[in-house]
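This report refers to the structure that appears directly beneath it.
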Ligand SMILES: [Zn+2]
């Protein structure tokens, strides 16, 4: 369990919050329907790749580092807000793909969002796209999540909107609303420069969090 250290911290916090909520509900049963004292909604944000798996590598820039930084920024931005963001990894290490979605189910997440950066041999291609597993049909909650995240990240960054697409993904191993956002192309010089800029990554993170809020109706 050592490799789940940052997550262990979160689940301890959650246990404590559940306990507090239970005590609250027992003391004030008439408030049971209200939001006061209830634990926040949990969502899982996944930084793709990690450890021995760098993801796309272009000009010494590794996808795993860019997406970890963005996931950590989403976590920071969410502090004090209505959603508890839990990360599948907070350091440079690999986590088994099925374990990532199983973890989201274990913590009772309302959704699972994986963050990636893209690569194509054609260097002129740039922009943001979101993927869902191809067992989910358009109109499914995963598509709604994908569209909400895409809309918000594009609005926040001004990046090109490359739409929502589907293919076979490991997220078929969960029933949770699940999507994978490709925040830009490392193979495009201008977009790689942007993704290396901390203030741009902050905007991407803000867009991702806003998309999660929009999806949840917050
Ligand atoms: Zn990736």
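Bear in mind that the values in this text are calculations on the coordinates, not laboratory data. What you see is a predicted model, and the numbers here were worked out from it, not measured in a lab. Please note: Cβ atoms are built from the backbone with ideal geometry, for glycine as well, and neighbour counts cover all protein chains shown.
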| remark: Quick shape summary for the stretch 40-216, equivalent ellipsoid via Cα gyration tensor, semi-axes whole Å in descending order, reads 22, 17, 17
| task | State, to one decimal in nm, how far the label point of residue 79 lies from the label point of residue 134, with both points 7 Å from Cα in the Cβ direction. | result | 4.2 nm
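Quick check: residue separation of residue 161 and residue 125 times 0.36 nm, minus the Cα distance between them. What number comes out in nm?
Roughly 11.8 nm would be gained on extension.
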| query | Looking only at Cα atoms, what is the convex hull volume of the stretch 162-218 per residue, in Å³? | reply | 111 Å³
| field | More than 24 angstrom apart: percent of Cα pairs within the stretch 29-138 | value | 36 percent
| task | State the Cα centre-to-centre distance between the stretch 89-106 and the stretch 156-196 in whole Å. | result | 18 Å
